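These notes concern the structure reproduced below.
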Amino acid sequence: MEKMDKKNRQDNSADDEIRIALEQLRKLALTFPAKALKLVTATGSIEKDCIMVEVMNISSIGPRLVLAEDADPGDGQFDIIVVTADQRQKLVAYIDGLLNKKNVIFHIKPIRASRLTMEWHGKELHIDDECKVYTGQQLKISLLDSLIEVIVDGN
């Protein structure tokens, strides 16, 4: 996201913007080092090395990435997308399909929850179109009635 924000995009068409964003995302999907994630919901927990985690209440993000096809912003549930290191090629294949203008489906099933806690070994978060510095605190994310709350525990 930070790299995309720095690019000079004044002369690009909307289609060029999407292609550039997808190409950048593809490069990241291939090279981003997996980070340890601990994710806990009411239905269970995951502790795996991941390259991407998206906590969503809509079906798509960024450059037309439909990651949670059945997401419903009014159902009181997040759709949590976790792409593990072992699933890297599924993400790349999905991005390749979009770059080739094919009608592709993202094949990683979301986890559904209204509350979660999360910790990971990364250094940044992307929250509502803003990059935030992250230093390993536990995140508590809740979907409240008509409101999303993110609490970062101080250490």
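Please treat every number below as a calculation from the coordinates, not as lab data. Please read these numbers as outputs of a predicted model, since none were measured by experiment. Because the Cβ atoms are built from the backbone with ideal geometry, glycine has one as well, and the counts that use them run over all protein chains shown.
Counting pairs of alpha carbon atoms under 8 Å apart in space and at least six apart in sequence, what relative contact order in percent does the chain give?
For the chain, the relative contact order is 21 percent.
Which angle between 0 and 90 degrees, to the nearest 10, do you get for helix 14-31 versus the longest principal axis of the chain when only C-alpha atoms count?
60
So which of 38/90; 48/90; 109/132; 27/90 end up more than 19 Å apart by C-alpha?
38/90; 109/132
Divide by every residue of the chain the summed helix terms, -39500 (n - 2.57) for each DSSP H run of at least 4, and state the resulting mean residue ellipticity at 222 nm, rounded to the nearest 500 deg cm²/dmol.
-7000 deg cm²/dmol
Work out the charge dipole of the chain with +1 on the Cβ of Lys and Arg and -1 on the Cβ of Asp and Glu about the Cα centre, then indicate which of 116, 52, 31 is farthest towards its positive end.
Positive-end residue among those listed: 31.
Tell me the angle of helix 88-99 to the major Cα principal axis of the chain, expressed in degrees between 0 and 90 and rounded to the nearest ten.
40
Need the list of aspartates and glutamates near residue 101 for cross-linking: C-alpha distance under 14 angstrom, and skip anything on the same chain fewer than eight residues off.
15, 16, 23
What do you get for trypsin sites (Lys or Arg not before Pro) in the range 42-133 restricted to DSSP loop and a cutoff of at most 15 other Cβ within 10 Å of the site's Cβ?
64, 101, 102, 123
Between residue 104 and residue 16, what is the spin-label point distance in nm, taking each point 7 Å from the Cα along the Cα→C-beta axis?
2.3
Suppose every Lys and Arg Cβ carries +1 and every Asp and Glu Cβ carries -1, with no other charges. What dipole size does the range 37-107 come out with about its Cα centre, to the nearest 20 debye?
340
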